[in-house]
1. Determine which single condition SER50 fails, assuming it passes every other condition in (1) farther than 27 Å from LYS91 by Cβ; (2) at pLDDT 80 or above; (3) surrounded by 11 or more Cβ atoms within 10 Å (Cβ to Cβ).
2. Would you kindly identify the helices (runs of 4 or more DSSP H) lying entirely within segment 43-122 that contain at least 2 residues that are hydrophobic (A, V, I, L, M, F, W, C)?
3. Taking only pairs six or more apart or across chains, which ones have beta-carbon atoms under 8 Å, a first residue in segment 2-13 that is assigned to a loop (DSSP other than H, G, I, E, B), and a second residue that is aliphatic (A, V, I, L, M)?
4. Restricting attention to segment 16-42, which residues are outside any loop (DSSP other than H, G, I, E, B), farther than 20 Å from GLU63 by Cα and touching a residue at least 24 places away in the same chain (Cβ under 8 Å)?
5. Out of SER102, SER55, SER50, report the one residue that is of a type in the set (S, T, N, Q) and more than 21 Å from LYS4 (Cβ to Cβ).
6. So which of ASP20, ASP76 ends up being surrounded by 14 or more Cβ atoms within 10 Å (Cβ to Cβ), acidic (Asp, Glu) and modelled with pLDDT under 90?
7. In segment 83-104, which residues are over 24 Å from the mean Cα position of the chain (by Cα) and either among the polar types (S, T, N, Q) or modelled with pLDDT of 90 or more (or both)?
8. Whether any residue in segment 61-84 is among the β-branched types (Val, Ile, Thr) and in contact (Cβ under 8 Å) with a residue 40 or more places away in the chain is what I want to check.
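The values are calculated or read from the model by the stated rules, or taken from the named source; none is laboratory data. Predicted model only: the values in this text are computed from it and were never measured. All Cβ positions, glycine included, derive from the backbone under ideal geometry; neighbour counts span all protein chains shown.
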Amino acid sequence: MTFKASMFLHFLKKVQVKEDYMVFVDKKSMIASTVWEDIDNERLSLDKFSGYLSSVIDDLIEERCLKKCNLFSEHDVYQVTHKGWHCWEVKLYSAISLFVRSIACPVVVSIITTLIVNFLLK
């Protein structure tokens, strides 16, 4: 995920408020707002993302951090997924998993092999 996509995801989470709410993104007026009527609508200007809004949205959908929920065919309605809400936890888990598979596991195997060889040679 690029830095710009991460920033956009952070802004969408501010607008979405809760994980089960949705966000309306108006690409013409560059505004994102909450869809639900029972809360005060959060609004956010997307002028910072004017040159690359569509590509950032496509990247987030491809990474499964954002999904398109078009309730109305003429509007763009999105929802930040569970992975999008907890993307840093997912990245931390994958980094720990990589560490265990590539560093810790070979070290443990070499220690066990050394102990077995030393025990057999005595």
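1. For SER50, the failing item is (3).
2. Of the helices (runs of 4 or more DSSP H) lying wholly inside segment 43-122, those with at least 2 residues that are hydrophobic (A, V, I, L, M, F, W, C) span 53-62, 87-99, 105-121.
3. As it stands, the answer is THR2/VAL56, since those pairs meet every condition given.
4. Within segment 16-42, the first condition is being outside any loop (DSSP other than H, G, I, E, B), and the residues that meet it are 16, 23-26, 31-34.
If we keep only those that are farther than 20 Å from GLU63 by Cα as well, we get 26, 31-34.
Listed by number, the list holds a single entry, ASP26.
5. SER102
6. Going through ASP20, ASP76 in turn, just one is surrounded by 14 or more Cβ atoms within 10 Å (Cβ to Cβ), acidic (Asp, Glu) and modelled with pLDDT under 90: ASP76.
7. Answer for segment 83-104, where residues must be over 24 Å from the mean Cα position of the chain (by Cα) and either among the polar types (S, T, N, Q) or modelled with pLDDT of 90 or more (or both): SER102, ILE103.
8. Kept after step one, since they are among the β-branched types (Val, Ile, Thr), are these residues of segment 61-84: 61, 77, 80-81.
Subset that is in contact (Cβ under 8 Å) with a residue 40 or more places away in the chain: 77, 80.
Yes, segment 61-84 has at least one match.
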